[in-house]
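The next block holds one structure in the form of structure tokens; read it before the comments.
Each value in this text was obtained by applying a stated rule to the coordinates, not by laboratory testing. These numbers were taken from a predicted model, which means no experiment stands behind them. All Cβ positions, glycine included, derive from the backbone under ideal geometry; neighbour counts span all protein chains shown.
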Amino acid sequence: MFSKLAASSSLGRIALGAFLAMASMGTPAFVPAAYAAAPMHAEQAPGYYRLKVGAFEVTALSDGTLDLPADKLLSSSSEDTRNALAASHLTVPVETSFNSYLINTGERLILIDTGGGALFGSRLGNLVANMKTAGYTPDQVDDVLLTHLHPDHVGGLVKDGALVFPKAIVHADRHDSEYWLSDENKAKLGDPDGFFAGAVASLRPYIEKDRFKAFDGDTQFFSGISATTAYGHTPGSIVYAIESEGKKLLVIGDLIHVGSVQFAKPEVTIAFDTDRAEAVETRRTVFEHAAQSGAILGGAHIAFPGLGTVRANGNGFDWIPVNYSTEF
Ligand SMILES: [Zn+2]
């Protein structure tokens, strides 16, 4: 129907003219279908997103996505979770982002969290490839700041037992390193999800080379880069503040996992929280601060690039993703 219409239109006549000209020049009249059969690419793209925070350059890096059975993991009822997701046109399991943030201060290159590496199969472990696509190499990284020591944040530190970031010093809050690197805790609590084993396998190569430094709570690292305690999700969870020229980015790690549910209802917790009540309190405190200050948030599991601001709305918050922009 459409082709019949086109053939009788002026556009159709132009196409016919071009066809006749090609035929007279000896060009094949019909292009075999195989010529157009470019393979599809299963992976998501792009794998990085860049913005300026004052004078600092921030690059969000995707490590990949996994399907999260949110209805089974969140403290809200399965029905409430499904309804909240449905309002955002989502279903369970929810395809969930795993984001890291690379900060170039002009003097130092700092990576916040490293993704899951090889600990989660082939769907994670894309961080290094995306870092290279973004124009950086792992051996340029001066410091790795960890929001906490769960395997999807530390797994990218090593590959086949070797340091992925050979020049870097790795930093984490002492409450987390003492908790997750403890053989005693592992024996006492068991390790059904491999969280303890994952932390040890990822950190030990750096500890052995004296490249791991634990810090104690609120810490100023370098000009414009600081840690604030955000305990609850794990005993030593941290929010990192990136501040330059009056602009502020807060890299919040796992302060939130399922945005479609937990922004509106910050009281909803997830099974991975070590201390659920503390996790809720911390989430509210950080979001309230962000809503008042206008700070940009960078969330490890908010849909890539995981960057945006929050606005207070009743007992919860609205999420406003950053505007896509090529000029800063
Ligand atoms: Zn996580």
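Here are the numbers for this structure:
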{"quantity": "Estimated inter-spin distance, N313 and D142, nm [label 7 Å along Cα→Cβ]", "calculated": "4.0 nm"}
{"quantity": "Computed lengthening from A134 to A214, 0.36 nm per intervening residue step minus Cα-Cα distance", "calculated": "25.9 nm"}
{"quantity": "Pairs from K188/K209; K52/K132; K72/K132; K132/K159 whose Cα-Cα separation, in the structure shown, is over 26 Å", "calculated": "K188/K209; K72/K132"}
{"quantity": "Potential lengthening between A187 and F272 on full extension [0.36 nm per residue; Cα-Cα distance subtracted]", "calculated": "28.8 nm"}
{"quantity": "Region 132-156-region 50-101 distance, computed between alpha-carbon centres (Å)", "calculated": "20 Å"}
{"quantity": "Rounded FRET efficiency, nearest 0.05, which uses the C-beta distance separating R284 from H89 and R0 of 25 Å", "calculated": "0.40"}
{"quantity": "Counting DSSP beta bridges with both ends in the chain, the antiparallel % (nearest 5)", "calculated": "75 percent"}
{"quantity": "Sorted by Cβ neighbour density within 10 Å, fewest at the top, the residues D210, D63, D143", "calculated": "D210, D143, D63"}
{"quantity": "Debye, to nearest 20: dipole size of the chain, +1 on Lys, Arg Cβ, -1 on Asp, Glu Cβ", "calculated": "1280 debye"}
{"quantity": "Hull shadow area, averaged, region 51-190 [alpha-carbon convex hull, nm²]", "calculated": "10.9 nm²"}
{"quantity": "Point-charge dipole on Cβ atoms (K/R +1, D/E -1) for region 116-195, about Cα centre, debye to 20", "calculated": "300 debye"}
{"quantity": "For region 233-328, convex hull volume per residue from C-alpha positions, Å³", "calculated": "93 Å³"}
{"quantity": "Given the chain, longest segment not containing exposed loop GluC sites (Glu not before Pro) (DSSP; at most 14 other Cβ within 10 Å)", "calculated": "108-244"}
{"quantity": "Kirkwood Rh, angstrom, region 193-232 [1 / mean 1/r, Cα pairs]", "calculated": "12.3 Å"}
{"quantity": "Compactness of the chain as Cα Rg over 2.2 N^0.38 Å, two decimals", "calculated": "1.20"}
